[in-house]
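Peer 1: What follows is a single structure, and I will ask about it in a moment.
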Amino acid sequence: MIERLRVVDSHTLGEPTRVLLEGPEVPGDRIEVKAEAWTGRLDGLRRAICLEPRGWEAIVGCHVSAPSREGCEHDVVFFNNVGTIGMCGHGTMGLAVTLAHMGRLQPGPLRINTVVGPVECELLDRNTCSVRNVPSQFDRMVEGLTVNGLGSVSGQIAYGGNWFFLVDREFEGLARTPVSELSSLASAVMDALDAGSVRSSCGARIDHIEMFGPPTRPDADSMNFVLCPGRAFDRSPCGTGTSAKLACLAHAGVLAPGSSWRQQGIAGGVFEATYEMGDEGAILPTIRGRAWVTAEATLVFDPTDEMCGGLAWS
Ligand code: PYC
């Protein structure tokens with residue numbers, strides 16, 4: 001195991017990203033192989049980076065390596081407290097702002113290659129970034145899912161770079177409800193989907209849950225609460241979750257291409273989103289948000305530390 005690792009931490013409207021500035025070397029000429037390394041050979045390092053005592057449940061790690069796709073500047077693998085994720089909107093913004101902070105990116109375009117496809121991002125100023133996400137799509141409606149604490153639940157399955165279940169109910173008190181309670185309800189939805197083996201049409205597990213309520217800002221259209229695969233909640237409005245929401249709005253015919261949707265996250269920050277039509281019913285979302293660097297640090301992994309590998313509480 002490596003003993004030291006330089007990282008830069010940032011937050012995107014409250015949601016943390018930890019960018020690795022060096023190593024580990026991840027051999028492989030395909031991004032899928034690099035991503036597999038983070039759940040295989042490097043799984044212990046992922047845990048040690050993300051979990052307590054060096055991290056906490058919400059951290060999304062970001063490993064940057066030489067590009068394996070033409071036209072991209074970097075291959076980027078995102079990982080969290082339980083494994084890797086396909087795409088990460090807030091993490092892409094955090095990466096761009098981190099690279100700018102390090103003097104490695106000027107305002108302008110940045111193309112990254114992710115496990116789920118190329119993503120074009122543009123740094124607009126030192127803290128503002130727009131991300132043109134992978135093609136996103138409404139998948140199908142699910143009715144009558146029995147969920148502990150919520151009763152019978154309907155919702156949409158949609159893809160935005162990760163798979164989401166969007167609960168089809170307006171939670172009037174969302175902003176006032178303790179996040180522990182929202183987490184329990186969203187977890188119960190995830191459990192019900194798993195218990196009923198409810199999958200996407202292509203058989204993918206639905207590992208992000210999204211709930212909605214009225215925004216607390218007059219300039220926002222909606223507030224969301226997003227539960228991530230490791231049961232941590234997204235403090236930001238979630239870039240891939242906002243993409244999935246746009247796909248559902250487009251499918252329902254209530255948001256036209258080019259119109260803007262302002263999604264507020266549970267911590268109060270807003271992503272501004274628009275879309276263009278893509279191929280085969282998919283949409284091409286662009287999400288704009290802001291991120292700030294919070295720390296430049298060297299993580300130390302002391303082999304004599306009996307908790308060196310990180311602490312998972314669930
Ligand atoms: O912003 O796409 C996102 C995201 C996914 C998981 C946490 N944040």
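The values are calculated or read from the model by the stated rules, or taken from the named source; none is laboratory data. Not measured: the values here are computed from a predicted model. No Cβ is skipped: glycine too gets one built from the backbone with ideal geometry, and neighbour counts run over all protein chains shown.
Peer 1: Tell me yes or no: at least one residue of the range 81-97 is within 11 Å of the ligand (Cβ to nearest atom), outside the structural domain of Val33 (by TED's automatic domain parsing), part of a loop (DSSP other than H, G, I, E, B) and closer than 27 Å to Trp56 by Cβ.
Peer 2: No, there is no match, as no residue in the range 81-97 is within 11 Å of the ligand (Cβ to nearest atom), outside the structural domain of Val33 (by TED's automatic domain parsing), part of a loop (DSSP other than H, G, I, E, B) and closer than 27 Å to Trp56 by Cβ.
Peer 1: Tell me which residues, restricted to the range 124-141, are buried (at least 19 other Cβ atoms within 10 Å of the Cβ), aliphatic (A, V, I, L, M) and either assigned by TED's automatic domain parsing to the domain that holds Ala252 or in a loop (DSSP other than H, G, I, E, B) (or both).
Peer 2: Answer for the range 124-141, where residues must be buried (at least 19 other Cβ atoms within 10 Å of the Cβ), aliphatic (A, V, I, L, M) and either assigned by TED's automatic domain parsing to the domain that holds Ala252 or in a loop (DSSP other than H, G, I, E, B) (or both): just Val134.
Peer 1: How about the range 51-97: which of its residues are among the hydroxyl-bearing types (Ser, Thr, Tyr) and within 19 Å of Arg288 (Cβ to Cβ)?
Peer 2: Correct list: Thr92 only.
Peer 1: Consider Gly155 against the criteria (1) small (Gly, Ala, Ser); (2) assigned to a strand (DSSP E or B); (3) exposed (fewer than 15 other Cβ atoms within 10 Å of the Cβ): it satisfies all of them except one. Which criterion is unmet?
Peer 2: (3)
Peer 1: Test Gly151 against the stated conditions and say whether it is farther than 23 Å from Ser236 by Cα and more than 16 Å from the ligand (Cβ to nearest atom).
Peer 2: yes
Peer 1: Select from the range 283-308 the residues that are assigned to a loop (DSSP other than H, G, I, E, B) and exposed (fewer than 15 other Cβ atoms within 10 Å of the Cβ) and list them in ascending order.
Peer 2: Of everything in the range 283-308, those that are assigned to a loop (DSSP other than H, G, I, E, B) and exposed (fewer than 15 other Cβ atoms within 10 Å of the Cβ) turn out to be Asp302, Pro303, Thr304, Asp305, Glu306, Met307.
Peer 1: Could you tell me which of the residues Ala244, Ala295, Ala273 is within 20 Å of Thr17 (Cβ to Cβ), of a type in the set (A, V, I, L, M) and touching an Asp or Glu at 6+ places or on another chain (Cβ under 6 Å)?
Peer 2: It is Ala295.
Peer 1: Would you mind finding the one in Ala192, Ala232, Ala204, Ala244 that is away from the ligand (no atom under 16 Å from the Cβ) and among the hydrophobic types (A, V, I, L, M, F, W, C)?
Peer 2: Residue meeting the stated conditions: Ala192.
Peer 1: Can you name every residue in the range 1-30 that is under 24 Å from Gly117 (Cα atoms) and more than 18 Å from the chain's Cα centre (by Cα)?
Peer 2: Leu21, Glu22, Gly23, Pro24, Glu25, Val26, Pro27, Gly28, Asp29, Arg30
Peer 1: Could you please give the count of residues in the range 134-166 that are free of Cβ contacts under 8 Å to residues at least 40 places away in the same chain and not aliphatic (A, V, I, L, M)?
Peer 2: Selection size over the range 134-166: 7.
Peer 1: Which numbered condition trips up Ile112, out of (1) away from the ligand (no atom under 16 Å from the Cβ); (2) assigned to a strand (DSSP E or B)?
Peer 2: Failing condition for Ile112: (1).
Peer 1: Continuing with the same structure: If a residue has to be buried (at least 21 other Cβ atoms within 10 Å of the Cβ) and either within 15 Å of Phe164 (Cβ to Cβ) or within 12 Å of the ligand (Cβ to nearest atom) (or both) to count, how many in the range 250-259 make the cut?
Peer 2: Adding up the residues that qualify gives 1.
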